[in-house]
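Let me begin by presenting the structure, written as structure tokens, before commenting on it.
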Amino acid sequence: MKGKFLNPKNLILVGLTAAALTTAGLSIPQFLTMENILNVIRQTAIVSLVSYGSAMVIIVRGIDLSVGGLIAFCAMISGIMMKSGYPMVLCFAAGILCGGLMGLFSGVMVEKLEVPAFITTLVIGQVATGLALVLGGGNSLGGFSDAYVFIGNGALLGVPVSIYITAFFVTLSYLIMNRTRLGVHIYALGGNEQVVKNQGVSTAKIRYFVFAYSGVCAAVAGILLSAQMNTVHPQQGGTYQLDAVAACVIGGVNMAGGEGKVYLALAGALTLRFLRNALNLIGLHPYYQNLIVGVLLILIVGVSMYRRNKALEKSLIF
Amino acid sequence: MEKTILEMEHITKYIYDAYGKPIRGTNVKILSDVHLDVREREVHILIGENGAGKSTLMKILGGIIPHDEGTVRLFGQEVRFTNPRQSQAMGVGFIHQELDLCLNLDVAENLFLGQEIGRLFSDKREMYRQSRLMLEKLGFDIDPRTPVRRLSTAHQQMVEIVKAVSRESKIIIMDEPTASLTQAEIDHLFEIIRNLKRQGVSIVYISHRFEELKEIGDRLTVLRDGGYVGTIDMADFEHGKVVGMMVGRELSCMYHCSHRPEAGEVLRVEGLKIGPDTVPIDLTVHRGEVVGIGGLVGAGRTELAKSIFGVRRYFGGRIFYHGRAVAGRTPQQWIDDGLMYLTEDRKIEGLVLPMSIEGNITLASLRRLFPYTRLKPRVETAIAREMIDKLRIVCRGPKQAVNTLSGGNQQEVVLGKWLSAKPRLLILDEPTRGVDVGAKAEIYEIIDGLAREGVAILMISSELSELINMSDRIYVMRRGTVSAEMRDPAAFTQESILAHTL
Amino acid sequence: MPIRRKISGFVKNNGSVIIILLLVLFASVFVKNFFSLRNFALLLKQAAIPAIACIGMTIVLMTGGIDLSLGYMIGLSSISVGLLVKTYEVGIPLAILLTLLLGLLVGLFNGVCVQYIRVPAFITTLGTGYILLGVAQIISNGASINHMPDVFLALGKTKIGLLNTTVFISLAFCLAFYYVLHLSTYGRSLRAFGLSEPASRLSGCPTARLNVSVYMISATLASVAGILLTMDVNCAQPTMGGGDYTFQVITGAVLGGVSLYGGVGSIPGAVLGVISLKIINNCINLLNVPYYWGSAVLGIVILTAIIFENVKNRKL
């Protein structure tokens, strides 16, 4: 897990991103306007928030396919509570708590029942989407207070509030992964589960935390998304599912577990959003965007798996 | 005399199912009534053939699996560990046979895994400092910031030793610690062990290498087939006696050797390199011949077999089968052409454990038996019954799942699978591993019978007596290549084989 | 003890039968209008198409993989057959054939990614799912195609007694794949592969080909389902099927006792699983529960099924 931030691989990533941004900036007139950039950053905030949790889950050799459902469900909970006149902080807390609990539940299923993570989270995602529909009576909710909308679209000291939130979470995630013993245990669990068990460290606690954290991240993302839109839609999670995984993969989080940087998931999210934005601006229909992201996802994971297999073959003793 | 700090008495462990629940209904036990006592400041050798139960016993002591019956007393206190942390807290350190390190973490992180310094935030600087001190104290020149992935196997092993020592263990279990070390590294390890003894640490040492044992051991306990044989002082160590204890009363009728090699060449391997930098291998096998392959675990024997069988890449060389050069064949093509490979790892590679006996027996000959894809249950059952009778497999019937059979019967099911596929050349990789004495004799009889029918046999084995008594010729392997070919059965001795393996 | 063991053995092996019997019993008692021939015919009709898709999913699950692109393949094949028949005026047999071929190719792509490039199945099929959705929307411009020719519709909607041809087509597929999975060497190899990849490979099962073939079967059966659905609703839509459909199909398979770890599963089980699911849906409708309860109930059903399955395997 060690390695300098500016190692060749990351430099190439940074270089490519910079080159792509410059090309896009030069060829698409609206691309480098302040308004557009702020817009992209706001959208990035959502994807990146989700991807911090997703990255951790992938690092422990899982995957979280429930984030799409949780984005809708948790926002719906807090939205409904807000409409009923509860204080905003309490509503947020309730939504985030629900996200954490749902994530925790996934963690328990994976740890105790040994159900594969992709199935568990797929199912939890479905339950969450279903509950969002039920709670909202099949409809979306809109017309929230100004304070709520401010969190979504306002700015403090010229910086959008969304940025503060995502900055807080990326810092938090970074501290967890790189400065605490829990972080080492998370990487260790992704590296070799048996070793962790032999050391007497509880794998259950690590998994519970990681999945719950992913749920919390999705909840925050969902609430922020609703604040930006000023509506809660029961199916607002939709594309974020794919984008969260893609952001992690673009950010170099290895699907085989044990490796990856949470803050690079932010870079991945940024790249992804700028890509989608550029595609939008050159007038490509949204239909093409999912297609391109899907191709990108398979391509990157394919290349990394291929290289991993080559390396494995080389490391044979003889 | 030093005082006894560990007593394990009447330890019994049943086979267990996928969820760790012991299956008590069978008489199949992994360990049965085993004893072990370890004194302060001693190096206690634990010896026995593969599958004798050494590792299982140590896993019980290390808290990785619990025992079903018997008592464990550590420092006079009866204990029953249910997880490794408990045994660590009681001062038991474990250096595993498979490396017990996270390759993606660095050295210091591995050393402190589970015992990080600092409360909320871990104090990395302090951990690196202490790691460096510990490494230096034991004389290892390793940077604690290096990711373990980048270390050589020997260095990784050193990190393991440091880890066990650093946890202030009173008893350290070393499971074949020298398997991948060079002589200089082994000497260093022994120096460390002597140092530890002086500091009051006891060591349970598992190894196969006799010369090592004499150098380092104080007492020695022998296990055989999951049972306890005896404990002796190293002062009374006699080579023949210990070998006798390990293999048991060797029945003279255990080995059948009535086959005669014939002229026809079945397999010829020319210049096969199993690794990019290994010395090329040449070997031949004839009709009706049993060719043994000796050598230590890790000498490349399994890799050679898998390279021939087409499940592993090799790095140049040619394979001739019945005189025709063949290349790039898949297991399926080989099986259709009569070349088969009985793997060393029965449970993962040999059998589909949850499947029935008949399902496993016909698995390799499905295409031959049912060319029109339609399964005929009657045919299957008939073949399975035939094999059950022929190989004397003890079972309730052909529908019984193989994971409820004993090791010996499981191995006979694998043999049955290959026999029913009509082999012309059978590669056997440790055919009697983890099999009790009775079943061993049966397996030898089967091998001999096959050779008599003209089947060529290539037998990989770590058991020297098996190699000596069964083979017509022996190739000995070392470091990924054949180091010697022994042609004269009269000259096969344990010493002459060992001379080429080390 | 023997009786207890017999009972536990029966529950273990016939979980899906028990589930469906209990469901029918409860529904007959508590839900008005449930117990009627017409309703049963309706149930069969509703279960027919998802059953075909579920067979494909079952076969993929047998290897321990998963096909998350299945629902999107339904959408793509629906719009593809629609476009071919209506816009390009290709003959109906050829249009169907080409659509099936498309499924075969998509499956080949999935299989190659999973087997040879070693991309985890859920990532591959998640990715292809979005690609297929994109392609379907692009070639159709997001619009659906209505009023398919009568001859085309007749293939699926001709009534034979109480049931229409779709049900019989579905039945034919069930029987064919019952043979494939339970009576043929292919099915045996697949089972061995799902239970232990190394052992089956070293026993000469063509594991690589098996692993690719399951995705091809799954995607092709999804195409069949897409075509039949198009006939059923008389409308080709790019968004037909989709993620929810995939989920429904997985739920059906799990209810039918197909293991998510590979190697365990049966065609009758999967079909009963789908029918159970449709009974639940049917009751929701008959009880006048709002439609949006559907997906929550579906989620909770599969969650219960997974937990039940697990507890059952541990305790019995």
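Within the protein assembly as shown, antiparallel bridges make up roughly 60 percent of the DSSP beta bridges whose residues both belong there.
Remark: A:V195, B:V38 ranked as A:V195, B:V38, counting other beta-carbon atoms within 10 Å and listing the fewest first. A DSSP coil position with no more than 16 other Cβ atoms inside 10 Å describes the following trypsin sites (Lys or Arg not before Pro) in segment C:12-102: C:K32. Here the dipole of segment A:8-313 is about 500 debye; that uses its Cα centre as origin and unit charges on the Cβ of Lys and Arg (positive) and Asp and Glu (negative).
What is the mean number of Cβ atoms from other protein chains located within 10 Å of the Cβ atom of each residue in peptide C:177-190, rounded to a whole number?
If you average over the peptide's residues, the count of other-chain Cβ atoms is 3.
Distance from the alpha carbon centroid of segment A:236-295 to that of segment B:319-361 works out to 44 angstrom. The alpha carbon gyration tensor of chain C gives principal lengths a ≥ b ≥ c with a/c of 1.5 or higher and a/b no greater than b/c, which makes the shape oblate. Kirkwood radius for segment A:114-272, taken over all pairs of different Cα atoms as the inverse mean of 1/r, rounds to 17.6 Å. Computed over the protein assembly as shown, the Cα gyration tensor eigenvalues convert (square root of 5λ each) into semi-axes of 53, 39, 28 Å, ordered from largest to smallest. Dividing the helix sum by the residues of the protein assembly as shown, where each DSSP H run of 4 or more adds -39500 (n - 2.57), gives a mean residue ellipticity at 222 nm of -18000 deg cm²/dmol.
Phi angles across segment B:31-39 convert, under the Karplus curve 6.51 cos²θ - 1.76 cosθ + 1.60 with θ = phi - 60°, into 3J(HN,Hα) values of 10, 9, 6, 9, 10, 7, 10, 10, 9 Hz, Gly and Pro given as x. Using Cα atoms only, what is the angle between the long axis of helix B:437-452 and the major principal axis of chain B, expressed in degrees (0 to 90) to the nearest 10? It is inclined by approximately 40 degrees.
Here is the result for segment B:325-362: no trypsin sites (Lys or Arg not before Pro) lie in DSSP coil with at most 11 other C-beta atoms within 10 angstrom of their C-beta.
Evaluating 6.51 cos²θ - 1.76 cosθ + 1.60 at θ = phi - 60° for every residue in segment C:301-308, the Karplus couplings come out as 4, 5, 4, 4, 4, 5, 5, 4 Hz, glycine and proline recorded as x.
Karplus-based coupling profile of segment A:154-166, in residue order and whole Hz: x, 9, 10, 6, x, 10, x, 4, 3, 5, 4, 5, 5, with θ = phi - 60° in 6.51 cos²θ - 1.76 cosθ + 1.60 and x standing for Gly or Pro. The dipole here belongs to chain B: it is taken about the Cα centre, uses +1 on the Cβ of Lys and Arg and -1 on the Cβ of Asp and Glu, and is about 1620 debye. Proximity of backbone amide H atoms, modeled 1.01 Å from N, is registered between B:I173 and B:G93, B:F94, B:I95, B:V204 at under 5 Å, excluding neighbours fewer than 5 places apart on the same chain. Counting DSSP beta bridges in chain B, what percent are antiparallel, to the nearest 5? So the antiparallel bridges amount to about 55 percent of the total. Report, in degrees rounded to the nearest 10, the 0 to 90 angle that the Cα long axis of helix B:153-166 makes with the longest principal axis of chain B. Taking Cα atoms only, the helix is inclined about 40 degrees.
Counting other beta carbons within 10 Å of each residue's own, what order do B:D277, B:D33 fall into, fewest first?
In increasing order of surrounding Cβ atoms, one gets B:D277, B:D33.
Under a 5 Å amide H cut-off, with hydrogens placed 1.01 Å from N, B:Y475 pairs with B:G292, B:I293, B:G294, B:M486 among residues at least 5 apart or on other chains.
Between rounded, prolate and oblate, where does segment C:141-201 land on the alpha carbon gyration tensor, with a ≥ b ≥ c its root eigenvalues, rounded for a/c under 1.5, else prolate if a/b exceeds b/c? Oblate, because a/c is 1.5 or more while a/b does not exceed b/c.
Taking the Cα centre of the protein assembly as shown as reference, the dipole from Cβ charges on Lys and Arg (+1) and Asp and Glu (-1) amounts to some 2360 debye. Across all Cα pairs in segment B:328-391, the calculated P(r) in 5 Å bins from zero up to the longest distance comes to 3, 16, 21, 25, 24, 9, 2, 0 percent per bin. Once Lys and Arg get +1 and Asp and Glu get -1 on their Cβ, which of A:T271, A:A18, C:A305 lies farthest toward the positive end of the dipole of the protein assembly as shown? Of the candidates, C:A305 comes out farthest on the positive side. Per the Debye formula on identical point scatterers at the alpha carbon atoms of segment A:8-313, with no solvent, log10 I(q)/I(0) at q = 0.10, 0.12 Å⁻¹ is -0.54, -0.78.
Considering only C:I52, B:S462, C:L155, and ranking their Cα positions along the charge dipole of the protein assembly as shown that arises from unit charges at the beta-carbon of Lys, Arg, Asp and Glu, the one farthest toward the positive end is C:L155.
The mean number of Cβ atoms from other chains found within 10 Å of a Cβ in peptide A:287-300 is 6, as a whole number. Distance from the alpha carbon centroid of segment B:440-492 to that of segment B:116-166 works out to 44 angstrom. Each of A:V40, C:V90, C:V60, C:V289 was scored by other Cβ atoms within 10 Å of its Cβ. Arranged with the fewest first, they read C:V289, C:V90, A:V40, C:V60.
Report note on the peptides C:173-183, A:116-126: ranked by the mean count of other C-beta atoms within 10 Å, highest first, their order is A:116-126, C:173-183.
Please give the direction-averaged projected area of the C-alpha convex hull for chain B, in square nanometres with one decimal.
25.5 nm²
Taking every residue in A:174-184 and counting other chain Cβ atoms within 10 Å of its Cβ, the average works out to 5. Scanning residues 5 or more positions from A:G142 or on other chains, those with amide H under 5 Å from its amide H are A:V232, with H placed 1.01 Å from N in the peptide plane.
Look at the dipole of chain B built from charges on Cβ: of B:W418, B:H44, B:G275, the Cα furthest out on the positive end belongs to B:W418.
Here, each number is a calculation from the coordinates, and none is a lab measurement. Just so you know, these numbers come straight off a predicted model, no measurement behind them. In this analysis, Cβ positions are derived from the backbone assuming ideal geometry, glycine residues included, and neighbour counts consider all displayed protein chains.
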